[in-house]
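Asks: I have a structure here, written as structure tokens, and I will follow up with some questions on it.
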Amino acid sequence: MQVNAYGAHAGNQPLEPLRINRRAPNAHDVQIEIAFCGICHSDLHQVRSEWEGTQYPCVPGHEIVGRVTQVGAHVSAFKRGDLVGVGCIVDSCQHCEDCDAGLENYCDGMIGTYNFPAPDAPGWTLGGYSQAIVVHERYVLRIGHPEEQLAAVAPLLCAGITTYSPLRHWNAGPGKKVGVVGIGGLGHMGIKLAHAMGAHVVAFTTSENKREAALELGADEVVVSRDASQMAVHAKSFDFILNTVAAPHDLDAFLVLLKRDGAMTLVGAPASPHTSPNVFNLIMKRRTLAGSMIGGIAETQEMLDFCAEHGIVADIELVRAEQINEAYERMLRGEVKYRFVIDNASLAG
């Protein structure tokens with residue numbers, strides 16, 4: 001089936017209307033009419049060839065929500081009319097140690113929602129800036145939020161799970177002091193989730209003017225990281241720090257805030273490397289510097305259920321398809337609180 005989409009033919013060209021093909025559902029496939037798709041910074045990096053290996057035409061989008069319109073003959077978990085989501089993963093090997101553990105995100109054969117090899121034309125996956133998508137049932141997620149919140153649920157499929165997974169893995173919760181570095185698309189979700197988990201949440205920002213916003217999101221305290229005196233107050237006091245900043249910066253300034261056995265996890269992906277941290281800041285207090293990438297399908301479902309139960313959605317600005325290029329430029333300037341989401345109905349023309 002042919003559907004309308006928005007994508008680019010080259011890294012130096014703007015996104016524009018396209019027509020793309022979607023396969024007919026196989027026995028284990030779910031066909032989804034896409035209602036909304038979030039705009040992730042990864043979309044911009046990939047479509048503009050700032051990350052290697054972009055294939056064109058490139059149709060980005062891995063924060064997909066919509067309604068099931070058709071299911072394959074062997075699909076039993078979903079039916080027509082269900083509200084569902086698709087995140088960053090649409091396939092994996094399904095038999096490795098990672099897949100068996102429900103950690104498809106770490107499978108060496110993971111297939112991402114766009115720009116990954118696929119048997120369907122054109123030979124690589126095409127993402128959610130489109131009217132519809134067909135996905136194997138294993139990678140489809142059930143949405144329990146009210147339908148009126150659907151647009152604001154979309155960013156949970158990437159920003160939500162990217163922050164939820166490390167918070168869960170490093171046991172954020174009551175009695176724990178958790179820092180969140182950066183108050184953007186990822187950071188604002190990190191604050192909401194850590195607060196809902198019951199942790200004492202400290203937000204770090206370089207901008208004093210983000211203090212009130214961070215408190216409204218659920219932070220208990222806000223620290224301006226450029227102020228050495230404010231940072232010093234928190235030395236050796238954190239159980240866990242979630243660092244969402246996607247630009248190179250001084251990691252040592254945050255590592256020294258960790259307790260003995262504390263951990264800082266990086267989820268932002270800078271275009272150039274961080275300066276290597278001082279090893280003594282790690283070994284003297286048995287601190288951990290770690291990384292984390294999205295989450296597996298089971299954990300993503302757990303995150304969606306947790307967010308539905310606690311009334312958590314992203315703070316979004318809804319845009320039409322023809323505003324995507326403008327949204328990219330605004331995203332680069334930091335002019336969004338905190339995620340853009342595309343109204344895919346605008347793809348109808």
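Asks: If packing is taken as the mean number of other Cβ atoms within 10 Å per residue, what is the order of 192-200, 5-13, highest first? List each step's numbers first, then the result.
Replies: Values: 192-200: 21.8, 5-13: 18.1.
Those peptides, ordered most packed to least, come out 192-200, 5-13.
Asks: Please compute the per residue accessible area over the chain with all protein chains in place, 1.4 Å probe, rounded to a whole number of Å². Don't jump to the answer; show the numbers that get you there.
Replies: Working: 14810 Å² over 349 residues.
Counting only protein heavy atoms, the per-residue value for the chain is 42 Å².
Asks: In terms of solvent-accessible area of protein heavy atoms at a 1.4 angstrom probe, what is the ranking of Ser42, Ser276, highest value first?
Replies: Sorted by accessible area, descending: Ser276, Ser42.
Asks: Counting alpha carbon pairs within less than 8 Å and at least 6 residues apart, what relative contact order, in whole percent, applies to region 207-330?
Replies: Once divided by the residue count of region 207-330, the mean separation gives 18 percent.
Asks: Would you mind checking the tilt of helix 159-169 against the longest principal axis of the Cα atoms of the chain, expressed as 0 to 90 degrees and rounded to 10?
Replies: That helix lies at roughly 50 degrees to the long axis.
Asks: Provide, in order from the shortest bin, the percent of all Cα-Cα pairs of region 225-278 in each 5 Å bin, continuing until the bin that contains the maximum pair distance.
Replies: Bin by bin from 0 Å, the calculated values are 5, 19, 28, 26, 17, 5, 0.
Asks: Going by the alpha-carbon gyration tensor, a ≥ b ≥ c the square roots of its eigenvalues, is region 174-267 rounded (a/c under 1.5) or, if a/c is not under 1.5, prolate (a/b greater than b/c) versus oblate?
Replies: rounded
Asks: Shifting gears a bit: Pulled fully out, how much extra length does the chain show between Asn171 and Val224, if you take 0.36 nm times their separation in residues and subtract their Cα-Cα distance?
Replies: Working: separation 53, 0.36 × 53 = 19.08 nm, distance 2.52 nm.
Gain on stretching Asn171 to Val224: 16.6 nm.
Asks: On to the next question. For q = 0.08, 0.09, 0.14 Å⁻¹, what log10 I(q)/I(0) does the chain give under the Debye formula with an equal point scatterer on each alpha carbon and no solvent?
Replies: So the normalised log intensities work out to -0.38, -0.48, -1.13.
Asks: Shifting gears a bit: ³J(HN,Hα) across region 211-226 via Karplus (A = 6.51, B = -1.76, C = 1.60, θ = phi - 60°), whole Hz, x for Gly/Pro?
Replies: Karplus-based 3J(HN,Hα) across region 211-226 equals 4, 5, 4, 5, 5, 5, 6, x, 5, 7, 9, 10, 10, 7, 5, 7 Hz.
Asks: Between Gly179, Gly291, Gly87, find the one with the highest GNM mean-square fluctuation for the chain; connect C-alpha pairs within less than 10 Å.
Replies: Gly291
Asks: A follow-up question, please. Given the peptides 105-118, 219-232, arrange them by the average over their residues of other C-beta atoms within 10 Å, most packed first.
Replies: Per-residue mean Cβ counts within 10 Å order the peptides as 105-118, 219-232.
Asks: Given a cut-off of under 8 Å on Cα pairs at least six residues apart, what relative contact order in percent is computed for the chain?
Replies: 18 percent
Asks: May I ask you to compute the full-extension gain from Lys337 to Gln2, defined as 0.36 nm times their residue separation minus their alpha-carbon distance, rounded to one decimal in nm?
Replies: 117.2 nm
Asks: Next up: First select every other residue whose beta carbon is under 9 angstrom from the beta carbon of Asp29; then total the charges, Lys and Arg +1, Asp and Glu -1.
Replies: Details: positive: Arg23; negative: Glu137.
Within the 9 Å Cβ shell, the charges total 0.
Asks: With 5 Å bins from zero, work out the P(r) of region 42-113 over every alpha carbon pair and list the percent per bin.
Replies: Result, from short to long distances: 3, 14, 15, 18, 21, 17, 9, 3, 0 percent.
Asks: Given C-alpha coordinates of region 102-191, what is the ratio Rg to Rh with the Kirkwood estimate of Rh?
Replies: Looking at region 102-191, the ratio lands at 1.02.
Asks: Report ³J(HN,Hα) in whole Hz for each residue of region 46-57, in order, from the Karplus equation J = 6.51 cos²θ - 1.76 cosθ + 1.60 where θ = phi - 60°; Gly and Pro get x.
Replies: 6, 5, 9, 6, 6, 9, 5, x, 5, 10, 10, x
Asks: Just to be sure I follow the rule: in the chain, considering lysines 8 or more places apart or on different chains, how many pairs have Cα atoms under 29 Å apart?
Replies: Close lysine pairs under the 29 Å cut-off: 23.
Asks: A follow-up question, please. Work out from phi, with θ = phi - 60° and the Karplus expression 6.51 cos²θ - 1.76 cosθ + 1.60, the ³J(HN,Hα) of each residue of region 198-208, listed in order in whole Hz, and give x for Gly and Pro.
Replies: The phi angles translate into x, 6, 7, 9, 10, 8, 10, 9, 8, 10, 4 Hz.
Asks: Sticking with this structure for a sec: Sort out for me the Cα centre separation of region 277-346 from region 117-148, rounded to whole Å.
Replies: 19 Å
Asks: Further question: Can you list the residues, at least 5 places off or on another chain, whose amide H is less than 5 Å from the amide H of Phe204, using H built in the peptide plane?
Replies: Excluding prolines and chain starts, which carry no amide H, the hits are Val180, Val181, Gly182, Val223.
Asks: Taking each pair of distinct Cα atoms in region 207-336 once, what is the resulting Kirkwood hydrodynamic radius in Å? Display every interim value, and only then the final one.
Replies: On the way: mean 1/r = 0.0572 Å⁻¹.
Every distinct Cα pair counted, the radius reaches 17.5 Å.
Asks: Ratio to report: Rg/Rh of region 1-120, with Cα atoms as the point set and Rh obtained by the Kirkwood method; give two decimals.
Replies: 0.97
Asks: Let me ask something else. Round to a whole number: what % of the accessible area of the chain belongs to carbon and sulfur, probe 1.4 Å?
Replies: On the way: 7570 of 14810 Å².
On the chain, the fraction of accessible area on carbon and sulfur atoms equals 51 percent.
Asks: With everything on Cα atoms, drop me the angle between helix 297-310 and the longest principal axis of the chain, reported from 0 to 90° to the nearest 10.
Replies: Roughly 70 degrees between the two axes.
Asks: Under a GNM of the chain (C-alpha, springs under 10 Å), which listed residue has the highest mean-square fluctuation: Gly53, Gly102, Gly262?
Replies: Gly53
The values are calculated or read from the model by the stated rules, or taken from the named source; none is laboratory data. Because the structure is predicted, anything quoted here is derived from the model rather than measured. Here the Cβ is made from the backbone with ideal geometry for all residues, glycine too, and neighbour counts use every protein chain on show. Ligands, DNA and RNA are stripped out before the accessible areas are found, and what is left, the full protein with its side chains, is counted by its heavy atoms. Shrake-Rupley method; radii C 1.70, N 1.55, O 1.52, S 1.80 Å.
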